[in-house]
1. List, in order, the whole-Hz ³J(HN,Hα) value for each residue of the range 37-54 obtained from phi through the Karplus relation with A = 6.51, B = -1.76, C = 1.60 and θ = phi - 60°; use x for Gly and Pro.
2. Which far-off residues, 5 or more places away or on another chain, put their amide H under 5 Å from the one on GLY103, with H placed in the peptide plane?
3. Please compute the Kirkwood hydrodynamic radius of the range 1-72 from all pairs of different C-alpha atoms, in Å with one decimal.
4. How compact and how long is the range 43-107, expressed as Rg and Dmax of its alpha-carbon atoms in Å?
5. Tell me, what is the per residue accessible area of the range 24-124 in Å², probe radius 1.4 Å?
6. Work through the residues other than GLY10 whose Cβ is under 14 Å from its Cβ and net out their charges, Lys, Arg +1 and Asp, Glu -1.
7. Evaluate 2.2 N^0.38 Å with N set to the residue count of the range 75-124, then give the Cα radius of gyration divided by it.
8. Take the solvent-accessible surface of the protein heavy atoms, probe 1.4 Å, and return the percent of it on the range 1-98 that carbon and sulfur atoms account for.
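The values are calculated or read from the model by the stated rules, or taken from the named source; none is laboratory data. As the structure is a computational prediction, the values presented were derived from the model and not from experiment. Positions of Cβ are backbone-derived with ideal geometry, glycine not excepted, and every protein chain shown enters the neighbour counts. Accessible surface areas use protein heavy atoms only, side chains included; no ligands, DNA or RNA. Shrake-Rupley method; radii C 1.70, N 1.55, O 1.52, S 1.80 Å.
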Amino acid sequence: QVQLVESGGGLVRAGDSLRLSCVASGRTFSRYAAMGWFRQAPGKERECIAAISRSAEGAYYADSVKGRFTISRDNANTVYLQMNSLKPEDTAVYYCAASTNFGLSSAIRWYDYWGQGTQVTVSS
């Protein structure tokens, strides 16, 4: 079993930056091939905004965040989302997710485990 815990959310002004972290725990985590970041705003569907492969050889970004957000991971079961030039439309609950599948995907059902989410609010 795997537990994912996000942190780093908060209230910021437009143009500011935040870095989200997701720490994974559990003895089966090494089997996960990729991790992703999703967000869900009130009244909206959850969407994938970034994903990174197991070996960090490739990354996916949604068009809405491309050039502003960067996903990365270390070798200690942690994935990060650096968010720059934040906009009010970035306001959402942000979730990290882990997948046992190889490769990259933005599909929600591709991911097996989810964190509880961290709130990001960007004021104008």
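1. The phi angles translate into 10, 10, 9, 9, 8, x, x, 10, 7, 5, 10, 7, 10, 6, 8, 9, 6, 4 Hz.
2. ARG54
3. After inverting the pairwise mean of 1/r, the radius is 13.8 Å.
4. 12.1, 36
5. Numbers: 5150 Å² over 101 residues.
Normalised by residue count, the accessible surface of the range 24-124 is 51 Å².
6. On the way: positive: ARG13, ARG19; negative: GLU6, ASP16, ASP90.
Computed value for this residue: -1.
7. Details: Rg = 13.1 Å, N = 50, 2.2 N^0.38 = 9.7 Å.
Ratio of Cα Rg to 2.2 N^0.38 Å: 1.35.
8. On the way: 2150 of 4860 Å².
Result for the range 1-98: 44 percent of the exposed heavy-atom area is carbon or sulfur.
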